[in-house]
Amino acid sequence: MMRSVEMLHHADLGDNEVRSKIKSGEIQFGGNRKLKIYGILKCKSGKRMKRGNRIFFNSENEAIVMGYRPCGHCMQGLYKKWKDGFVQQ
């Protein structure tokens, strides 16, 4: 059975809920909903974004399915492949 793709908005979650979801593996990647960029949770760029713009994904595949591209800072290899046209959205 295929799981539905669902991004979680940081503004809709409390801090304890976010920590719990990260610990359980439900959240593995973060993204910027306005810029349509995703990356790892420890990315410096991601940590600086406004809470209202931050979303979370369970997997890279979820981010890609939702039309997000890899972050040029924390995911340089994938970003280069995406930029060169080797990663399809």
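Tabulated data
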read-out: Residue selected from the stretch 47-60 under the condition over 9 Å from the mean Cα position of the chain (by Cα) and touching a residue at least 12 places away in the same chain (Cβ under 8 Å), by the criterion farthest from residue 11 (Cα to Cα); value: 49
read-out: Qualifying residue in the stretch 72-80 (condition: crowded, with 18+ Cβ neighbours inside 10 Å, among the hydrophobic types (A, V, I, L, M, F, W, C), closer than 21 Å to residue 6 by Cα and at pLDDT 95 or above); value: no
read-out: Subset of the stretch 6-42 (residues that are among the charged types (D, E, K, R) and assigned to a helix (DSSP H, G or I)); value: 12, 15, 17, 19, 21, 23
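Yes or no, residue by residue, for (1) modelled with pLDDT under 95; (2) among the hydrophobic types (A, V, I, L, M, F, W, C); (3) exposed (fewer than 12 other Cβ atoms within 10 Å of the Cβ):
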residue: 15; (1), (2), (3): yes, no, yes
residue: 23; (1), (2), (3): no, no, yes
residue: 26; (1), (2), (3): yes, no, no
residue: 54; (1), (2), (3): no, no, no
residue: 88; (1), (2), (3): yes, no, yes
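The values are calculated or read from the model by the stated rules, or taken from the named source; none is laboratory data. As the structure is a computational prediction, the values presented were derived from the model and not from experiment. Here the Cβ is made from the backbone with ideal geometry for all residues, glycine too, and neighbour counts use every protein chain on show.
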